[in-house]
Structure formats: C-alpha cells, structure tokens
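The values are calculated or read from the model by the stated rules, or taken from the named source; none is laboratory data. None of the values given here were measured: they were computed from a predicted structure. For neighbour counting, all protein chains shown are included, and Cβ atoms are generated from backbone atoms with ideal geometry for every residue, glycine included. The area values use the complete protein model at the heavy-atom level, side chains included, leaving out ligands, DNA and RNA. Shrake-Rupley method; radii C 1.70, N 1.55, O 1.52, S 1.80 Å.
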Amino acid sequence: MTSELPGPLLVIEDLHVSVGDREILRGVDLTIQEGETHVLLGPNGGGKSTLLNTIVGMPGYRVTGGRILFKGVDLADLEIDERARMGIGIAFQRPPAVRGVRLRQMLEVAARGEVAEDAIARLDEELNLGHMLERDVNMGFSGGEAKRSEMAQLLAQMPDLALFDEPESGVDLDNIAVVGGAMNALLKGEARISERTRAGLIITHTGHILEFVNADVAHVLYSGRLACKGNPLDLIEEISSHGYDACVECKLCQTLS
Amino acid sequence: MPDTQLSPGAIARLEEIRIAAESAIDKQAALGPDVDITRFKTVSEQQKIETLESLQKQVKETVIHSGFMADESDRSASYFQMDRTPIYERVQKAFDDAIEITSTEDALRLWPEEMIEKYWWRAVMPDKDKYTALVALHQTEGYFIRVKAGRKVEKPIQACLFVSESNVSQNVHNIIIVEDGAEANVITGCNVHVDVKEGLHAGISEFYVGKGAKLTFTMVHNWAADFSVRPRTGVVVDDDGVYINNYVLLTPVKSIQAFPVAKLVGKRSTAVFNSIVYGLKDSIIDLGSEAQLIGEGSRSEAVARTVSMDQSTVYSRGRLIGRTNDCKAHLDCRGIVQSAESTQWAIPDLASEGAPGAELSHEAAISPIAAEEIYYLMTRGLPKDEAVSMITRGFVNIDIPGLPDVLRKQIDKAIEETSKEAM
Ligand SMILES: Nc1ncnc2c1ncn2[C@@H]1O[C@H](COP(=O)(O)OP(=O)(O)O)[C@@H](O)[C@H]1O
Ligand SMILES: [Mg+2]
C-alpha cells in the first residue's frame with residue numbers, strides 16, 4: 001500500500017485562503033515528505049492556525065487559489081472526517097468543550113472503535129490522564145490538561161500527518177515535557193500501527209517544544225507566505241534576538257521563490 | 001369504597017372530597033390545552049392473569065419499552081393494571097415482609113381510617129382542576145405501594161398502567177409510601193396498546209417519603225399520538241428524606257401537561273427532578289416541576305433536557321419556592337430545537353417567600369449544537385451525522401440514578417433516529 005504512493009505526503013501549491021472577505025494566506029507553498037517534522041514560525045495573526053485549519057478542512061477557511069494534495073489526492077472536495085480518516089490529525093491550540101462527550105469516547109472515536117483497556121492504560125501512563133478520561137472533553141480542563149487530552153486523541157488516532165497548533169502554549173514546564181514526549185512517540189516512536197513513517201507540522205512561538213522533539217526544518221509564515229526556511233533552532237534564535245522583520249531578510253533564510 | 005364501619009370523621013372527609021371534586025368538574029387546568037373529558041367512556045374490566053408471562057406478546061413488547069419486565073427476576077414487586085382492572089399484583093418472596101403492593105381501592109378497603117387520615121387526597125387537592133375531579137369522582141383504581149420502615153429495597157418495584165381500548169379515559173389514583181428509613185426504587189410505565197388512538201389518562205399520584213427515607217421514582221411514558229395525558233402529582237418529604245423523580249418521554253403524544261409538586265416539609269429534605277423529553281410529530285408537551293422548600297436545610301435540583309422535532313411544541317417549566325432561610329435549589333433546563341416548525345419554551349420561575357436566606361438559581365438555555373463541537377469530533381474521523389448524534393446523546397445523557405439499562409438503550413435509539421432526520 002505505502003509503496004504505491006510515489007510522491008510526498010503533503011504538497012501545498014500556491015495556496016490562497018480567505019477568512020470572511022480577508023485574504024490571510026497569499027500563495028503558500030510547502031512540501032512535507034514522509035518521516036519529516038516541520039516547524040511553522042511567524043508573527044501573531046500571521047495565518048499559521050489558518051494554514052492548519054485549512055489543511056484539516058475547517059469550514060470558514062475558503063481556498064480561493066492553489067491546492068492541497070495529501071497522498072497525491074486533492075483535498076478540495078473532502079469533508080473534515082474524510083481527511084481525518086485518510087490520515088490527517090490535529091492537536092488544537094484551544095479545543096472546544098463538548099458537554100456530555102467524555103475524553104474516553106473521543107479516544108474511541110479517534111481509534112475508530114473500542115480502545116483496549118491496556119491501550120488506554122498506556123495513554124494514561126504516558127499522559128497522566130487519570131480522572132480526565134471520564135470527564136466531558138475540555139470541560140473545565142486546565143491548559144495542561146487540554147494539551148494532554150489533545151495528545152491522547154492523536155495517539156489514539158495515529159495519523160500519518162500530525163498537525164500541532166502551539167502545543168506548548170499556556171503549559172508549564174512539566175507539562176511541556178509530557179506533551180513533547182507524546183509528540184516524539186507519535187512522530188518517531190516505535191508504537192506504530194502502519195509501516196508508514198509519520199510526519200508532523202508544529203506551530204511554535206517559543207521553540208520550547210523543540211527541546212523534546214527533533215524537527216528537520218522550520219518555515220516562517222510572513223505576509224501570507226512562507227517567506228523563508230532553515231534550521232529550526234537557528235531560526236528561532238535569530239527571531240528571538242532580531243525579530244521577524246529582520247529574520248525574513250537575513251542570511252539564515254533560504255528564500256523559496 | 002370502604003364499608004359502613006367508617007368513623008364519622010372519615011365519612012365527613014370522603015364527603016368533603018366528593019363535594020370539592022364536584023365543584024371542579026368543569027374547571028379548566030391552569031396550563032395545557034383543554035380536554036373535553038365528557039367525550040370518553042370509562043375504561044373496561046379485564047381478566048386477571050396468573051403470571052406476567054401470560055400477557056399477550058404484543059403487550060409485553062410494548063411495556064418493555066418503559067422498563068417493565070415480564071421476567072421478574074430483577075424486580076422486587078410488580079403491579080399491572082389493564083384498563084380498569086389490576087390484573088396482576090405480586091411481591092417477590094424475598095421481599096414479602098418489606099413491600100405491600102395492591103390497588104388503591106383495595107388499600108382503601110383494607111386500611112380505610114389510616115388511608116383517609118394520612119394519604120387519601122392529602123398531597124393533591126381534588127378540586128385542583130377537572131382532571132383531579134374526574135379521578136376523585138370516577139376513579140379506576142391505580143397502584144398502592146408501601147415499603148416498610150427501615151427496609152431498603154434496591155431491586156426495582158415495577159408498575160404498569162396499560163390502556164388497550166380507544167376513546168376511553170383511565171382515571172387512576174396512585175399512592176406510594178416509603179416509611180421512615182426505608183428505600184425504594186419504583187419504575188412505572190404508562191403504555192397504550194399499538195392499536196389505540198384517542199384517549200385520556202388522568203393520573204393522580206400521592207407520594208409520602210418518611211424520615212430518612214428515599215424514593216427513586218422513574219416514569220416512562222409511551223403514549224399514542226392521539227392520547228391526552230394529565231398526571232397530577234404531589235410528594236411530601238419528611239426530615240432527611242430524599243425524593244428523586246426521573247421522567248422520560250420518547251414517543252409522540254397529543255398533549256401532555258404535568259407539573260409535579262414536591263413539598264419539602266422535612267428538615268434537610270431533598271427533591272431531585274430529572275427529565276428527558278423528545279418532542280415529536282405535533283405533540284404538545286407542557287412539563288415542569290415545583291419544589292417547595294419549607295424545611296430547614298431543604299435542597300432541590302431540577303435538570304431537564306429537551307429535544308424537539310417536527311411540529312412539536314414543548315414547554316419546560318421549573319419552579320422553586322423558598323419558604324425557609326436555610327434552603328438552596330437550582331434549575332438547569334436546556335433545549336435543542338431541531339426543526340424549523342417546532343417551538344420550545346423554557347420557563348424558570350423562582351420565588352423567595354419571606355425567606356431572605358433562600359438561595360435559588362437557574363440556568364435555562366435553548367440553543368443548537370455548536371458547529372464548532374461537531375467539527376471537533378469530525379477531525380477525529382467521525383462523519384457529521386454520527387458527530388451530531390453523539391453530541392445530542394451527550395446532551396440528554398444526564399446522570400439519572402436508577403434508570404434501567406433498557407431505557408438508556410431506548411433513549412440512545414431515539415437520539416440516533418432523530419439525529420439522522422435532523423441532518
Ligand atoms: N475563524 C476565524 N474567524 C475570523 N477571523 C479569523 C479566523 N481565523 C483566523 N482569523 C484571522 O486570520 C488572521 C490570521 O489568524 P491565525 O491564523 O489565527 O494567525 P496565527 O495562528 O498565525 O496567530 C487573523 O487576523 C485572524 O483574526
Ligand atoms: Mg494561531
């Protein structure tokens with residue numbers, strides 16, 4: 001099955017996306033190969049979450065130009081759930097609370113069926129879920145709890161492409177370590193179901209999460225485009241000392257177009 | 001009715017009830033569409049049966065939807081009334097000395113003085129409206145259940161009021177007494193035969209929860225689309241007593257209007273009302289509850305979940321009346337309207353009567369399922385219709401103690417069917 005897929009896992013070509021009547025993304029190009037972990041940097045409000053939401057197919061993010069190919073298939077006409085079943089997963093920055101639906105049920109949904117007790121026990125151990133399993137998902141969860149819950153759902157789903165929207169925001173250091181550990185297990189770990197090597201795309205502001213997860217390459221989303229790419233830690237360092245405006249001009253960046 | 005040896009006091013009281021009822025026979029109810037009660041004849045006599053298994057197959061299949069099991073291994077006692085006849089009354093051997101179950105008319109014959117003094121039309125007034133009057137004047141039995149002091153009976157007691165004919169009114173008067181320190185879990189189903197069309201069910205229920213006693217009362221209604229239903233319920237709860245009322249309505253009905261009242265007269269007494277209501281077809285549903293917080297330290301909570309479809313109209317009411325300084329109560333009623341032709345009202349109603357310390361609160365909401373929540377479930381791979389039904393199931397999945405499994409499954413099934421339609 002996997003060997004029949006010749007091209008990259010994800011190809012985004014000249015993607016234009018509008019929210020309401022505002023164009024947020026203005027020609028994004030990005031290719032992610034199997035097994036790669038990419039980082040997405042960029043100023044607040046720059047459109048990073050917009051890109052992730054567009055990939056998963058959230059309504060309201062209108063593609064006005066370009067296309068997204070996943071495993072060679074154009075996603076344009078696919079619903080959110082179809083994309084998920086094809087192997088796209090996301091950990092939201094601020095997932096909504098759903099009254100009456102427990103985290104345990106979300107894990108079952110993500111795993112498509114009953115989750116074996118020992119699988120739950122492993123997730124519980126890794127992410128310290130405890131009583132959260134029987135609580136309504138995200139209802140009154142603390143920042144750290146919400147992130148751990150998102151990670152548990154991704155680990156149950158085991159998507160081929162995992163998208164992480166600011167996995168470390170609003171989380172203390174202990175929780176970052178736990179979340180980072182789970183990301184590592186997902187992207188690089190051995191607990192894989194399929195043969196495929198998983199890929200990831202991580203939005204981060206601070207780069208703290210990169211102490212736990214090895215990323216191959218970072219991109220800066222600036223003015224609606226991926227303005228440059230480079231080594232993740234170097235780019236973060238450059239941005240934290242000189243800011244985004246300077247960064248996209250600097251020599252560290254390999255300009256794309 | 002009781003024989004001649006009644007005390008003058010008891011005779012006078014029965015006379016008082018009769019006069020009050022006669023004065024109210026044309027009195028329209030405060031809520032709900034008016035029903036012309038003169039159109040219906042009284043339900044007929046039926047044959048007694050030896051075992052529940054001997055009920056018609058179709059009847060058994062109907063009543064199982066309200067949690068009534070022909071196989072009594074998970075039940076402590078059973079009462080089955082077909083039309084006007086109590087065709088089956090039985091207490092399981094192990095509970096012989098803990099439970100009394102009979103028809104109310106037999107109870108009145110057996111213990112006339114006690115019944116009239118303490119329980120007969122003491123929690124519901126006969127002149128409340130034409131439906132109470134109808135039952136007071138033309139009663140067709142009803143169940144009497146008593147759980148003896150100190151006996152905690154976990155296994156449910158089941159009662160079924162069944163109507164097999166069209167164009168009749170069944171006028172039942174039910175009494176449940178849970179004596180001091182006792183506990184009971186009563187499941188009652190009201191059902192009609194599949195062929196029944198029009199009819200009226202007027203049901204008076206008077207419940208008495210003793211000191212430190214607990215009554216969990218679960219009622220499932222399974223009516224026909226042309227049936228009118230007018231229950232009138234009064235509950236009196238003594239010191240440290242707990243009353244839990246669960247109500248489930250999943251089938252269409254012409255109209256139902258009920259507003260059970262719990263009088264929390266005892267210190268630290270509690271009343272909890274849980275209800276799950278599906279408004280289907282052109283049903284008119286007007287339901288609510290009232291808690292009167294009279295005893296020091298009394299508490300109450302009412303949780304209602306309403307999903308309305310088709311052309312249904314649903315009123316979800318809740319009234320809390322604080323009459324003592326140390327009391328606390330909360331209402332939580334939420335509705336989802338799933339059809340552009342359906343109407344829902346949420347009507348919370350709070351009063352503190354000379355009780356400056358009373359803490360009464362409510363949350364009432366009518367809103368659709370948030371699209372954001374549906375999308376969230378979809379990102380985990382769930383198709384839209386399944387996401388909607390899962391969230392709807394969660395919405396009505398309130399924690400109902402004592403709800404039989406079969407009912408939980410029924411509720412799930414109703415949600416699945418209606419969520420598909422709603423797409
Ligand atoms: N669902 C939405 N509704 C309205 N505006 C949105 C929505 N999502 C994003 N935007 C707008 O798009 C722009 C980019 O936002 P976002 O993608 O969240 O940026 P980032 O994640 O890089 O901080 C912002 O101006 C934001 O207000
Ligand atoms: Mg963002």
When restricted to A:Leu10, A:Leu25, the only residue within 24 Å of B:Tyr375 (Cα to Cα), touching a His at 6+ places or on another chain (Cβ under 8 Å) and open to solvent by less than 10 Å² (accessible area, probe 1.4 Å) is A:Leu25
Test A:Glu108 against the criterion of being surrounded by 15 or more Cβ atoms within 10 Å (Cβ to Cβ), within 12 Å of chain B (Cβ to nearest Cβ) and modelled with pLDDT under 95, and give yes or no. yes
Is there a residue being within 9 Å of chain B (Cβ to nearest Cβ), away from ligand 2 (no atom under 16 Å from the Cβ) and either over 19 Å from A:Gly207 (Cα atoms) or open to solvent by 30 Å² or more (accessible area, probe 1.4 Å) (or both) anywhere in region A:113-135? no
Cβ contacts < 7 Å: first residue more than 9 Å from B:Ser169 (Cα to Cα) and at pLDDT 90 or above, restricted to region B:39-54; second residue of a type in the set (Gly, Ala, Ser) and part of a loop (DSSP other than H, G, I, E, B), any location; separation 6+ or different chain. Result? B:Leu52/B:Ala70; B:Glu53/B:Ala70
Kindly provide the set of residues from region B:120-148 that are part of a loop (DSSP other than H, G, I, E, B) and within 21 Å of B:Phe162 (Cα to Cα), ordered by number. B:His138, B:Gln139, B:Thr140, B:Glu141, B:Gly142
Out of the strands (runs of 3 or more DSSP E) lying entirely within region B:154-268, which hold 2 or more residues that are over 24 Å from B:Val43 (Cβ atoms)? B:168-178, B:183-192, B:199-209, B:214-222, B:227-237, B:242-249, B:261-264
Going through region B:266-296 one residue at a time, which ones are out of contact with any strand residue (DSSP E or B) (no Cβ under 6 Å at 6 or more places or on another chain) and open to solvent by 10 Å² or more (accessible area, probe 1.4 Å)? B:Lys267, B:Arg268, B:Leu280, B:Lys281, B:Asp282, B:Glu296
Being within 28 Å of B:Ala225 (Cα to Cα) and within 11 Å of chain A (Cβ to nearest Cβ) is the requirement here; does B:Ile347 meet it? no
Conditions (1) within 12 Å of chain B (Cβ to nearest Cβ); (2) at pLDDT below 95; (3) within 16 Å of ligand 2 (Cβ to nearest atom): number failed by A:Leu163: (2)
Name the single residue, out of those in region A:194-217 being within 16 Å of ligand 2 (Cβ to nearest atom) and crowded, with 19+ Cβ neighbours inside 10 Å, that is farthest from A:Leu41 (Cα to Cα). A:Ile209
A:Gly180 versus (1) within 16 Å of ligand 2 (Cβ to nearest atom); (2) free of Cβ contacts under 8 Å to residues at least 60 places away in the same chain; (3) touching a helix residue (DSSP H, G or I) at 6+ places or on another chain (Cβ under 6 Å): which is the lone unmet condition? (1)
Go through (1) surrounded by fewer than 16 Cβ atoms within 10 Å (Cβ to Cβ); (2) within 24 Å of B:Tyr247 (Cβ to Cβ) one by one and return the number of the condition B:Asn397 breaks. (1)
Taking region B:378-395 only, how many residues are at the interface with chain A (Cβ under 8 Å from one of its Cβ atoms) and part of a helix (DSSP H, G or I)? 8
Scan region B:90-98 and tell me whether some residue there is under 18 Å from B:Val163 (Cα atoms), at pLDDT 95 or above and touching a helix residue (DSSP H, G or I) at 6+ places or on another chain (Cβ under 7 Å). no
Of all residues in region B:331-372, which are hydroxyl-bearing (Ser, Thr, Tyr) and surrounded by 18 or more Cβ atoms within 10 Å (Cβ to Cβ)? B:Ser342, B:Ser352
Considering only region A:55-96, state which residues are within 12 Å of the chain's Cα centre (by Cα) and within 16 Å of ligand 2 (Cβ to nearest atom). A:Ile55, A:Val56, A:Ile90, A:Ala91, A:Phe92, A:Gln93
